[in-house]
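Data first, discussion second: the structure below is written as C-alpha cells.
The values are calculated or read from the model by the stated rules, or taken from the named source; none is laboratory data. Every value quoted in this text rests on a predicted model; they were computed, and no experiment measured them. Neighbour counts are summed over all protein chains in view; Cβ atoms, including those assigned to glycine, are modelled from backbone coordinates with ideal geometry. Keep in mind that these areas ignore ligands, DNA and RNA; they rest on the heavy atoms of the full protein, side chains included. Shrake-Rupley method; radii C 1.70, N 1.55, O 1.52, S 1.80 Å.
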Amino acid sequence: MADFIPIFGNIGWTLAAFVVALSVIVAIHEYGHYIVGRWSGIHAEVFSLGFGPVIWSRMDKHGTRWQIAALPLGGYVKFLGDANAASAGGTKGGRNTMLGAPLWARSATVFAGPLANFIFSAVVFAIFGMIYGIVSYPMTVRSVPDLPAPYVVEIQEGDQILAIEGMEISRGEDLSDVLDALPLEPALDYTIRRNGTEMVVLGPYPETTAVQSVSFDKPAAPAGVKEGDVVTAINGQPVFAFDQMIQIVNASGGGDLILDIWRAGETLQIAITPEMSDVTRSDGTFETRYIMGINGGIVLDAETEFPGLWTAIENGVWQVWYLIKLSLSAMWYMIVGDISTCNLSSPVGIAQASGAMASAGLEEFIGFIGVISTAVGMLNLFPIPVLDGGHLVFHAYEAVARKPPSDKVLRVMYTIGLTLILSLMVFALTNELFLC
C-alpha cells in the first residue's frame, strides 16, 4: 500500500476530479430515468444528485424536487410510490406511480438510465470527431516528424502518401493491412504525390519508437519518460520500431532496462523496471506481457477532414459499441483466468484515473468521462438485483408470469444483489491496494 499512495499526487485534486466525473455520469444516468419516466406518465418526486443531508433544492412546475445532497457519491430519482431511492418495492397506486404504471412504461424508464449513458458517450465521441477531425485519404502529410538516425525522412509536408513498399493505401482498412505486412526496416519506400507528380522517396518505419503518450500509472511515467521522446536503444540494443521494443521488454522477464532516449536533439539514459500487465491486442483479445507504459503509434502526422453530423454520430456509436465489446471481453478473460483481476478497477482506481486525466487537460478529462459513462451504462444492465438490469429481469418475469415476483422474493434477491456488489467492490479495492 505504501507504493500506491504516492501515485495519488494531490489528493484534493484527485477527489475533486472524481466528484466532477461521477456527478456528470450520475446526472446523465438519472436524467435518462427521469425524462422517460415523465414522458411515460410516471411522476418523479425527487431528483437527487448525491446522498445524505440536502444542501440545495427547488421544486419545479411538474412537482419534482431537484436537490443536491452533501455526499456526492451517486444520485437517484425517486418516483411516486417507490419505497426507497433504488425503486426496490413500494406501494402500487395509480397510473402515475412506478408500480401502478404499465409494464412497458416501467421497463422503458428503467432502461433509459443506461441508454442515456451510451448516448452521452456517443455524443462526446462524435463531437471530438467533428472538432479534431478524422484522417483523410489519400493521406496528406501535415508535419514531418523530427527523428534521429538511423531514421531516413525524405517525406515533405504536403506529400500525399499513396503506397508503402508498393502496397496501396486509399482508406484506413488498407493502412492497417499494410502495417501488418511491412518488412521491419528503418527506411522504407514511400510512393507519394508531390505537387502533382508521383515519385518514390524513403521514409521511416511507420510505427517508430517515438513516444506518443505515457501511461500515468505505469513504470515509464515516474522514471521520467516524456511524450515526444524517441527510444534509440534498450540495454544497448538499437531499436527503430515499436514492435522491437515490445519484444525486448517482454523478453526481459521484468529485469531492469536502460533506455537510450533522444529528446529534442539531446541524448540521455533512463532506467525502467517493467511490470507484468494485460494488454489489448488489435483484434480485441488480450495478452499478458511485460510493459513499461510507453504508447506508440503511427509517427506520420496526417491531415484530417471534418465529418458531417451523421458520419460523426456513426463514428461515436461505433466507439461506444467497441468499448462495450472490449469491456465484456476483458471481464470474460478475467472470469476464466486468462488475465489478471488487477484489471478490475475499484472506486479508488477510478478516482486516481480521474485526477490523472484532469491533470492531462480538459480534452482528456472529457474523453475519460465519455469512456466511464459507457462502462457505467453497461454495468447497470447486468442482471443483478438493485441494478437496472435486475429490474428488467423482474419485468421480464412479470411479462411471462403475468404477475410480479412476491415481496419476499424481491427482498431476498435485493439482499443478494447488494451483497454481491459490495463484495465485488471490496475485492477490487483489496486487489488495488495490496495485491496489484
Of those in the stretch 255-304 that are of a type in the set (Ser, Thr, Tyr) and more than 24 Å from residue 151 (Cα to Cα), the residue modelled with the highest pLDDT is 273
Scope the stretch 372-407; condition touching a residue at least 40 places away in the same chain (Cβ under 8 Å), open to solvent by less than 40 Å² (accessible area, probe 1.4 Å), under 15 Å from residue 99 (Cβ atoms) and out of contact with any Ser or Thr (no Cβ under 8 Å at 6 or more places or on another chain); matching residues
398
Restricting to the stretch 167-188, and then to whatever is touching a strand residue (DSSP E or B) at 6+ places or on another chain (Cβ under 7 Å), over 20 Å from residue 145 (Cβ atoms) and modelled with pLDDT of 85 or more, can you tell me which residue is least open to solvent (accessible area, probe 1.4 Å)?
181
Does residue 339 satisfy being touching a Phe, Trp or Tyr at 6+ places or on another chain (Cβ under 9 Å), assigned to a loop (DSSP other than H, G, I, E, B) and surrounded by 15 or more Cβ atoms within 10 Å (Cβ to Cβ)?
yes
Yes or no: the stretch 361-369 includes at least one residue that is crowded, with 18+ Cβ neighbours inside 10 Å, of a type in the set (Val, Ile, Thr) and part of a loop (DSSP other than H, G, I, E, B).
no
Among (1) hydrophobic (A, V, I, L, M, F, W, C); (2) within 10 Å of residue 316 (Cα to Cα); (3) open to solvent by less than 20 Å² (accessible area, probe 1.4 Å) - the single one residue 139 does not satisfy
(2)
Identify the single condition in (1) in contact with an Asp or Glu (Cβ under 8 Å, 6 or more places away or on another chain); (2) open to solvent by 60 Å² or more (accessible area, probe 1.4 Å) that residue 352 does not satisfy, given that it satisfies every other one.
(2)
Being in a strand (DSSP E or B), open to solvent by less than 70 Å² (accessible area, probe 1.4 Å) and polar (S, T, N, Q) narrows it down to one residue among 191, 208; which is it?
191
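Kindly indicate which of 73, 103, 99, 80 is of a type in the set (A, V, I, L, M), buried (at least 18 other Cβ atoms within 10 Å of the Cβ) and touching a helix residue (DSSP H, G or I) at 6+ places or on another chain (Cβ under 9 Å).
None of the other options fit; the residue is 99.
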